[in-house]
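Enquirer: The structure that follows is given in the form of structure tokens.
The values are calculated or read from the model by the stated rules, or taken from the named source; none is laboratory data. In this text, all values refer to a predicted model and were calculated from it rather than measured experimentally. FYI the Cβ positions are ideal-geometry reconstructions off the backbone, even for glycines, and counts take in every protein chain you see.
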């Protein structure tokens, strides 16, 4: 009678366990631990274990009782009862591990067991492991225990697929959280400023580098329009339109990279290189900008460009710098015809000065000449040294011969005083040319050059003026 009641109690517990397993939403390890704990209790075993297939091995994945300390143990499938159970897909029972050839006796001694029962676990019809109970006594289990294990194995197998999927989802979510945390950390610690905005420009991300670069703290920037924080006031309307354009566009997986001017909190201008990513996040357009401060690089580039376009001795433009300026001026003149004059100047007897006083004095004379000519010009005029002792002046807004000749005479007058620190007086031959629409840069420069050589030829006359080239060039 007691044995019958014991069977009834066990069956009720098995049914209760099956229901619990079917409804459990635990992670896979917790799920299997629940099974082995209940199984050990029902069979009064030394321990219970779930072993899963891992290639050629069976691995103790989860265990209870005295066997729990052996979690992680790996046994070859070909030399264990568990491996055979998976292979034949049947419940197997061992009454004495010391004499049963199907069992790895050494492994049994290691965990301290003499008898065991294994039942296969299936996932989508494929054996993926075993559920096993073990006893330290030979013949430690009876047919009721076999039935109990078989029923729980069936319940575990039915729920295993669900729990594996549940565990996979949990792992994926955990990995996603880790990935998001990693990304947040990377973005927060990035050397570049990282700013994200919504479709109308409201800031949703502002990392530490953005704080350092622009002077606004994250708490101050969040919720504000990025245009009001980093865009120069004169350009804000344009940027508002650009953001609206991105919102209206259909292409949402694109990248824009460019150099722009930004401002910090004190409205100091910064040169930044921007990599702008436009994405569709949950149906909403989001823009993330990676901004790299290139102010120092731009300043260096400007300094190097100025060096490349400047004369090293006098500090004024060199031939290359002058030709760029000349091309731009001619382009404006072609559009607006406000007048453009060119003066070509050559120092008289400069070789004699070099030969008599030395090249150091000659260099001093060239610098003095450039300084005096510069003092005669407007801010819009350009003076340049083409090479040696040849200089040019480009004057915009002059369309009358008398006006350009007046400028030439002003330059001649400022040369009359001796060069500072010497008794040397500078004289120069100056040819002038007025621009006409038929000219290009080369023809314009050649006209002034011809006029200068005519002026040098006529140097003995008093203020000689004559037409030299195409009715547009004059010499002084």
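Enquirer: Quick one: count up the residues across region 430-453 that are outside any loop (DSSP other than H, G, I, E, B) and surrounded by 22 or more Cβ atoms within 10 Å (Cβ to Cβ).
Expert: Of region 430-453, the ones outside any loop (DSSP other than H, G, I, E, B) are 430-434, 441-453.
If we keep only those that are surrounded by 22 or more Cβ atoms within 10 Å (Cβ to Cβ) too, we end up with 430-434, 444, 447-448, 451-452.
Count: 10.
Residues checked against (1) assigned to a helix (DSSP H, G or I); (2) more than 19 Å from residue 141 (Cβ to Cβ); (3) modelled with pLDDT under 75:
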| site | (1), (2), (3) |
| --- | --- |
| 9 | yes, no, yes |
| 14 | yes, no, yes |
| 31 | yes, yes, yes |
| 67 | yes, no, no |
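Enquirer: Follow-up. Pull up region 72-83, narrow it to residues that are more than 19 Å from residue 43 (Cβ to Cβ) and out of contact with any helix residue (DSSP H, G or I) (no Cβ under 8 Å at 6 or more places or on another chain), then point me to the one that is surrounded by the fewest Cβ atoms within 10 Å (Cβ to Cβ).
Expert: Across region 72-83, the extreme among qualifying residues is 72.
Enquirer: Quick check on my filter: what residues within region 108-148 are assigned to a strand (DSSP E or B) and free of Cβ contacts under 8 Å to residues at least 12 places away in the same chain?
Expert: Passing the criteria: only 126.
Enquirer: Then there is this: Here is a check on your reading of the model: is residue 250 at pLDDT below 65 and exposed (fewer than 12 other Cβ atoms within 10 Å of the Cβ)?
Expert: Yes; evaluated as a whole, the condition is true for this residue.
Enquirer: For residue 104, are the conditions met, namely being surrounded by fewer than 23 Cβ atoms within 10 Å (Cβ to Cβ), assigned by TED's automatic domain parsing to the domain that holds residue 35, under 21 Å from residue 38 (Cα atoms) and at pLDDT below 90?
Expert: In short, no.
Enquirer: Oh, and also: What's the number of the condition residue 362 fails, among (1) surrounded by 13 or more Cβ atoms within 10 Å (Cβ to Cβ); (2) touching a residue at least 40 places away in the same chain (Cβ under 8 Å)?
Expert: (2)
Enquirer: Another question about this same structure. Out of all the residues in region 34-46, is one or more assigned by TED's automatic domain parsing to the domain that holds residue 130, touching a strand residue (DSSP E or B) at 6+ places or on another chain (Cβ under 7 Å), at pLDDT 60 or above and not in a helix (DSSP H, G or I)?
Expert: Yes - at least one qualifying residue is present in region 34-46.
Enquirer: OK, next. Give the number of residues within region 256-274 that are farther than 12 Å from residue 295 by Cα and either at pLDDT below 85 or out of contact with any strand residue (DSSP E or B) (no Cβ under 7 Å at 6 or more places or on another chain) (or both).
Expert: 6
Enquirer: Let me ask something else about it. Does region 340-357 contain any residue that is part of a strand (DSSP E or B), in contact with a strand residue (DSSP E or B) (Cβ under 7 Å, 6 or more places away or on another chain) and modelled with pLDDT under 90?
Expert: no
Enquirer: Give the residues of region 309-334 that are in a loop (DSSP other than H, G, I, E, B) and in contact (Cβ under 8 Å) with a residue 40 or more places away in the chain, sorted by residue number.
Expert: 311, 313, 314, 315, 316, 318 - these are the residues of region 309-334 that are in a loop (DSSP other than H, G, I, E, B) and in contact (Cβ under 8 Å) with a residue 40 or more places away in the chain.
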